[in-house]
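Below is one structure, written out as structure tokens; comments come after it.
Values in this text are rule-based calculations from the coordinates and carry no lab data. In this text, all values refer to a predicted model and were calculated from it rather than measured experimentally. So basically every Cβ, Gly included, is an ideal-geometry build from the backbone, and we count neighbours across all protein chains shown.
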Amino acid sequence: MTEPPIAALPSEPLPAVLPAEPFADVKALAAAAVDAARDEILGLSHLIHANPEPAFEEVRAAAWVAEAVGRHGYVVEHPAGSLATAVRGRLTGGLGADGPRIGVLAEYDALPGLGHGCGHNTMASSGVGAAIALAAVRDRWAGEVVFLGTPAEERGSGKEIMLREGLFDGLDAALLFHPCDRNHVEIAPLASEDVDVVFTGLQSHAASEPWEGRNALDAMIALFVSVGLWRQGLPPHCRVHGIIQEGGTAANIIPDRTRAWFMIRSAEQPYYEVMKARFRQLCEAAALVAGVTVEIEFSGASSTMKHNRTLAARWVANADAYGIADEGMDQSSGSTDMANVSWAMPAIHPDLAITDMPTPGHSIEFRDAAGRPRADRTVLLASTLVAQTALDLLLDPALVRDAWREFRGEE
Ligand SMILES: [Zn+2]
Ligand SMILES: [Zn+2]
């Protein structure tokens, strides 16, 4: 893998604009704080981009993120909970602790064999950037900002683990930006889970007595063929895809063990359960075909998303001040554990473009885009908009109540 290009620092500042009301004066101070810290914020983005670490192994990224928020006055727990690469930083407002508690999130895991093909370096740095901005205007708000460094989004649903461990307890809202090639505050992620499939057979000489073996690769091929046929009968909102991670060790040995990593997904949570049951049947049928045994392990579930229009409206207004027009609901979502958070509290997971060209995620092109000056501008913009949306909430407890009323379906 070649190293992606790294943009030269120092960076360009964001254009100075009049932030959206209400609280435009405090929001302008937050924007100025992002600008003052822009080399620190972008340095972090490039450092993480150049040192990609996969899910649960984000050791350096988590340490850099923890160190950065600690430098700006946050009381840091690292690790936070059971995950070695989870971080929590807390900062109480200068006007007192009695007020809204707002979660500012960050992700930093990369993709195996690709690097930051999802651009999570921009999420880590902009989460830190928003935390820095909110610390800089601390004297203007009451309540608490809780920075959460959340590992393992690409595999394993780190946020679900952190939710279960109580690390989100007491929060009034959760905010997290994601890089994209378009601008959307509303996304529609698919319910999703990872599936490990292991077929176990029996080795034998592939030429002299193949009939003495039981071929675990035959089962794997039968499974992939079945999945291919199954796709015709799946509704368009479903996805199933996988790779073979172990396919045998030598052509002259009947493989006794094969392993695949699948993901199954659906835009409809109830239909997802139907898919899951069917996928299990296909695995068992493939094992039967080849006369081998199968182990199936589901993990890292993420859900569909509960969108919060109250929070989204403030994001859109804040973004509009910077000339960002929302393009409506993102029709091409993958999956995210931020969706799990959205069922625990009001949450938004807005997309901002880091490139002006149509660029698919999880690609070399997107990875390289995440390290360019165009992405740097978006990192500064995302830092600013997350901080400004957090300020809308911190400075207006009635907005927090509205977000919760919508969340509970009481409006
Ligand atoms: Zn991502
Ligand atoms: Zn991704």
What nm value, rounded to one decimal, do you get for the distance between residue 231 and residue 271 when each label is placed 7 Å out toward the C-beta?
1.7 nm
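Would you order 137, 104 from fewest to most other beta-carbon atoms within 10 Å of each residue's own beta-carbon?
Working: 137 23, 104 29.
Listed from fewest to most nearby Cβ atoms, that is 137, 104.
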Full-stretch length increase - residue 309, residue 401 - with 0.36 nm per residue and alpha-carbon distance subtracted:
31.8 nm
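Provide the gained length on full extension for the span residue 243 to residue 182, in nm with one decimal, where the gain is 0.36 nm per separating residue minus the Cα-Cα distance.
Numbers: separation 61, 0.36 × 61 = 21.96 nm, distance 2.87 nm.
Full extension of this stretch gives 19.1 nm more.
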Estimated FRET transfer efficiency when R0 is 35 angstrom, pair residue 284-residue 329 (beta carbons, to 0.05):
0.40
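Take 132, 243 and order them by how many other Cβ atoms sit within 10 Å, fewest up front. Each step should come with its number before you reach the end.
Numbers: 132 26, 243 10.
Arranged by neighbour count, lowest to highest, 132, 243 become 243, 132.
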Just to confirm a number: summing +1 for Lys and Arg and -1 for Asp and Glu over residues other than residue 29 whose beta-carbon lies under 12 angstrom from that of residue 29, what do you get?
0
Helix-derived mean residue ellipticity, 222 nm - over the chain, DSSP H n ≥ 4, -39500 (n - 2.57), to 500
-12000 deg cm²/dmol
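When Lys and Arg each count +1 and Asp and Glu each count -1, what net charge do the other residues less than 10 Å away from residue 172, Cβ to Cβ, add up to?
+1
In which sequence would 333, 299, 125 go, from the one with the fewest C-beta neighbours within 10 Å to the one with the most? Display every interim value, and only then the final one.
Numbers: 333 23, 299 11, 125 31.
So the ranking, lowest neighbour count to highest, is 299, 333, 125.
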Against the longest alpha carbon principal axis of the chain, how many degrees, from 0 to 90 and to the nearest 10, is the axis of helix 397-408 turned?
30 degrees
So which residue, out of 292, 185, 59, gets the largest mean-square fluctuation from a GNM of the chain using Cα contacts under 10 Å as springs?
292
Signed unit charges on C-beta, dipole axis of the range 298-379, positive-most listed residue 307, 370, 357:
307
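How charged is the neighbourhood of residue 59? Take every other residue with its Cβ under 13 Å from the Cβ of residue 59, and add Lys/Arg as +1 and Asp/Glu as -1. Show your work: numbers first, answer last.
Numbers: positive: 60; negative: 53, 57, 58, 67, 109.
With Lys, Arg at +1 and Asp, Glu at -1, the neighbours total -4.
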